[in-house]
Amino acid sequence: MTATSETAGPSTAAPSTPSLATVELRKSFGGVHAVDGATVTFHHGKVNALIGPNGSGKTTFFNCVTGMIKPDSGSVSYRGADITGKAPHRIARAGVGRSFQLCRIFPRMTVMENMLVAVRSTSLRRQLSSARNPEELDRARGLLARVGIEHLEHSLARDISYGQQKLLELAGVLMADPDTIMLDEPAGGVNPALIDRIANLVRSLNAEGKTFIVVEHNMDLVMSLSDHVVVFDRGRPICEGTPSVVQNDPRVLEAYLGI
Amino acid sequence: MSLLLQSLVLGVLLGGLYALLAAGLTLYFGVMRVVMIAHSAFLILAAYLAWWFSTETGLDPLLSLVLTVPLFFGMGVFMQRVLISRLRPATLTMMSVLLTFSIALVIEGMLGFAFSGTQRRIRLDYGGANFEVFGANVAVVKLIAFALAAVSLAALFLLMKKTQFGQALRATIQHPEAARLIGINTDRVAGYGFGLGLATAAVGGTALALDSTFYPSLHWHWIGPLMAIIVVGGLGSIPGAAIAAMVLGMGQSLLQIPLGTTWAQTFFYIALFATLMVRPQGFFGGRLAQRF
Amino acid sequence: MPSASDTTTVTSAATGDTTRRRGSMLLKAVALAVLAAGVLSFPSVAANPFILSVGVVIMSYAVLATSWNFVGGFTGYISLGHAAYSGLGGYATGLLVIHTGINPWLAMVLAGLVVAALAVPIGIASLRVRGASFVIVSIALVLILLLVFQSWGSFTGGSNGLRVPRPFGPEVLRPEQHERFFYLHALLLGVALLVWWLIDRSRFGTGLKAIREDEDKAQALGVPTFTYKLIAFVVSAFFTALGGGLYALWFGFLDPIFQFSILVGSYMVLMSLLGGIRSLFGPFLGAVIVGYAVEYFKNQYGDSQFHLVAMGLLLGLVVLFMPDGIIPAATNLVERFRPQKTSIREVSAADLAEQRRTAGPEAGQADQQARTDDGTDIPSTDTPTDTSVTEGARR
């Protein structure tokens, strides 16, 4: 966060350094243009939100950006470096972590084993050493404690509640120590108290310098949490700005209400 | 020259049968993401049933289709609804391979039990008949087999393209979740898709029985080439499978001239490896193939 | 970072846990010693050379199944064609001994390395896309090798088979041969198990298991999935080839029909699956059960079609009803009857989803609320208002 500050004037009110950015990104599935020429910039050190009606291409966009799907055309860059079409694990190791819609964990592994999957270095010696090295275990326990499920360390991941699985997924992503964290519907299917907890986690992590890009349907959460909101409709952004700006934009209402 | 032409004609005739059988394999894969190893075992089973039918009744083996096609269709629906659907979705691809593999073993073993391991062949009045086209010698039975395959493939194609059921089937193949959302009962459609796939094995088996000898373990010689065809064609694409079947069938037939029958068979496997190296999603496969 | 109060609870939980863990480790060590003693004493208790030779065959199956499990168990990719690697290992060993006259044990290791090298391009071709292609290639490989080894008579001996010179001279009698090879197989099995165990506890192993559970998710966490799968596959081919080579040296004769047989490959799958592919000793246990059954039936009924049917039915039943295998099932049973093992959950996430679906959204919400309350300490006082807010906003 220090070296990059010179690129943007501190006086401008506009958000500063780009984190993830796409230019004219396109992806279609057999005639359906899921992402249709999306040019979007997310800002470093901020909580960015990506909203839009169902089927507006948010998840496909997510998948293109993180390398799960190869875009048909366009480019994706992360902190100035081109990452278009790179393999997901390379993008992950470049510092972009992500969660999945509906929460994906490794069901038949324990909570602790789930934490130890994240790969930060592929040096041979490191890979062949025991997974349960004390330093890594301490880090994992710290993160589990931070999300509040450290007491479940030895349970199988499939045996814990859905809310706990969501927290585990987030903690697992944090193990990779990403700079930017993309969350696909973090509040989907969890109870309000847990939503608050997740929101607080996002805030505190953001305060420590993590950039967030959040796809979310829960408007209250989006408006209270984010610094910058991008609204998607039919595969491209139709409007962006601070939550209050977006909330009052007629195009957003139109997209949501389908007028 | 005439030898070349002869092989070319034989290649087309063989390719037709391959195309029909590969279409069946593609259907299973399309509706359920299942690699159906037992497909060729059912093929041999149908050949045995045709042979048994004609030796018991003295009627033409082609008439056995009236029984085997509905029977196989029913077995296909049963297999999908009762066995395949029981598997966990997360491990479906792998476990279904094992399940269909075990079915293939059971069929092979049962055939050996019932009919012994000796080679069988149907004696037909018109078995020896042949005629000449541009200097190429074509056996009548081979032509009948080809016609049978071509007609069935055309019927399958029309069913997929023109009927409402075909539309539902295609929707299920392309996007199961979306198909479910617009009210298609994808489970039932998948069952019927499986039935149709197995029906191609019934037709193919009868066609095979007309002009070849067969024995219980013969299905291993069919499953390899068929698998190669669906990978080259792109898993899940019926036209892709048909084209790949024709090309590879002709290639095999042509290579038999310089290499002999055994080595010519390796052509399929070389094509399989080459495809996976160069273009793993196959030559006609869409988005479906990329993930599998 | 954990607060002070958090740390105390964690450590108190951890100490109780450590004692339990130490106890189970002791138990494991004893069990391992008993197992090793049982295996090593087998030749001396075997009633006659025939029984001993059955023992060698079972150990050979155990080596092959354990080797198969490097790829099957860790990554969940099921190979039906591992007979290709055992067959190649056997032939490469035999041909090396015959044509170069080198030390047979060296030949065996070289053969393993050659097969491992061959497995690299095969793995690259079949592992780049997901499971289906892998299975297809695995079957195709056995079929193509059967064709080649039957047809290429001048080099491989063709359908007539290949006679492999025995490593021990004629002064070593048949029972003695069996005994030596039994120990050699046990040694190879021990090495394979050790390597499997080392991988299992390594980071690499954690990555592989993550691939088995959810490949996309693993990749999103930075696991280089393709490279990992390829390494596991090559290691598996290497050990399988060693198993094939050792068998060739013992049996002394190779026939393509039996070496490149789909059936042999499916034995490896059945054994591993039956014992439990996620357990270290699963394939070994499966090999003892299936290997014994196969030899018994061969002895009783000869090489009939019957054992194809039996094999098919057994495999089908395992896949349908016990895909996790015996060892996990048995462990679960023990866990259930173990006292004071407090379960952390009353309902699993799946149960919960089921309940929610049947009981309607309101009940489900309340239910989950209660669940999270005793799991994680979230205050539930502000729930009612919050619910209405989010419900409204989600529209």
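Since every read-out is calculated from the coordinates, none of them should be taken as a lab result. Source: prediction; values computed, not measured. Neighbour counts are summed over all protein chains in view; Cβ atoms, including those assigned to glycine, are modelled from backbone coordinates with ideal geometry.
Remarks
- Relative to the Cα centre, the charge distribution of chain A, modelled as +1 at Lys and Arg Cβ and -1 at Asp and Glu Cβ, gives a dipole magnitude of about 740 debye.
- Dipole magnitude of segment B:9-215 about its Cα centre (Cβ charges: Lys, Arg +1; Asp, Glu -1), debye to nearest 20: 640
- Long-range amide H partners of C:ARG130 with built H, under 5 Å: B:PHE292
- Extreme residue, positive dipole direction of segment B:90-238, given options B:GLY109, B:TYR192, B:GLY234 (C-beta unit charges): B:TYR192
- The charge dipole of segment A:145-259, taken about its Cα centre with unit charges on the Cβ atoms of Lys, Arg (+1), Asp and Glu (-1) only, comes to about 100 debye.
- Neighbourhood net charge (11 Å Cβ-Cβ; Lys/Arg +1, Asp/Glu -1) for B:TYR126: -2
- Among the residues of C:197-210, the average count of other protein chain beta-carbon atoms within 10 Å of the residue beta-carbon is 6.
- FRET efficiency for C:SER41 and B:ARG86, using Cβ-Cβ distance with R0 set to 45 Å, rounded to 0.05: 0.60
- Residue pairs, from the table A:LYS27/C:LYS229; A:LYS166/C:LYS217; A:LYS46/A:LYS166; A:LYS27/B:LYS162; A:LYS27/A:LYS166, whose Cα atoms sit over 18 Å apart: A:LYS27/C:LYS229; A:LYS46/A:LYS166; A:LYS27/B:LYS162; A:LYS27/A:LYS166
- Counting other Cβ atoms within 10 Å as a rough exposure proxy, the listed residues C:PHE74, C:PHE251 run C:PHE251, C:PHE74 from fewest neighbours to most.
- Close amide-amide hydrogen proximity is noted between A:ILE213 and A:ASN48, A:ILE181, A:MET182, A:LEU183, each under 5 Å apart and 5 or more residues distant or on a separate chain (H modeled in the peptide plane; Pro and chain starts excluded).
- Across peptide A:55-68, the average count of Cβ atoms from other chains found within 10 Å of a residue's Cβ is 1.
- Gyration tensor verdict on chain A (Cα atoms; rounded if a/c is under 1.5, prolate if a/b is larger than b/c, oblate otherwise): prolate
- The residue among B:TYR28, B:LEU210, B:THR68 whose Cα reaches farthest toward the positive pole of the charge dipole of chain B, with charges on the beta-carbon of Lys, Arg, Asp and Glu, is B:TYR28.
- Gyration tensor verdict on segment B:170-292 (Cα atoms; rounded if a/c is under 1.5, prolate if a/b is larger than b/c, oblate otherwise): oblate
- Taking packing as the residue-averaged number of other Cβ atoms within 10 angstrom, the listed peptides B:3-9, B:78-84 run from highest to lowest as B:78-84, B:3-9.
- Among A:MET175, B:MET36, B:MET227, B:MET246, sorting on how many other beta-carbon atoms sit within 10 Å of each Cβ, with the fewest leading, yields B:MET246, A:MET175, B:MET227, B:MET36.
- Axis of helix B:261-278 versus longest Cα principal axis of chain B: the two differ by about 30°, to the nearest ten degrees.
- Three-way shape call for the protein assembly as shown based on the alpha-carbon gyration tensor, with the a/c threshold at 1.5: oblate
- Comparing Cα centroids, segment A:56-119 and segment C:127-179 end up 43 angstrom apart.
- Sorting C:23-30, C:143-150, B:140-147 by average packing, meaning the other beta carbons within 10 Å per residue, from highest down gives C:143-150, B:140-147, C:23-30.
- A Förster distance of 45 Å, applied to the separation of the beta-carbon atoms of C:ILE124 and C:ARG180, puts the FRET efficiency at 0.70.
- Annotation for A:TYR256 and A:ALA87: the two label points, set 7 Å from Cα along the Cα-Cβ direction, are 4.2 nm apart.
- Modelled FRET efficiency - R0 56 Å, A:PHE29 with C:GLU171, Cβ distances, 0.05 increments: 0.20
- Pairwise label distance in nanometres, A:ARG234 with B:LYS162, each label 7 Å out on the Cα-Cβ vector: 3.6
- For segment B:144-178 and segment C:291-317, distance of Cα centres in Å: 40
- Between helix B:39-57 and chain B: long-axis angle, C-alpha atoms, 0 to 90°, nearest 10: 50
- Rounded tilt (10° steps) of B:92-115 against the dominant C-alpha axis of chain B: 40
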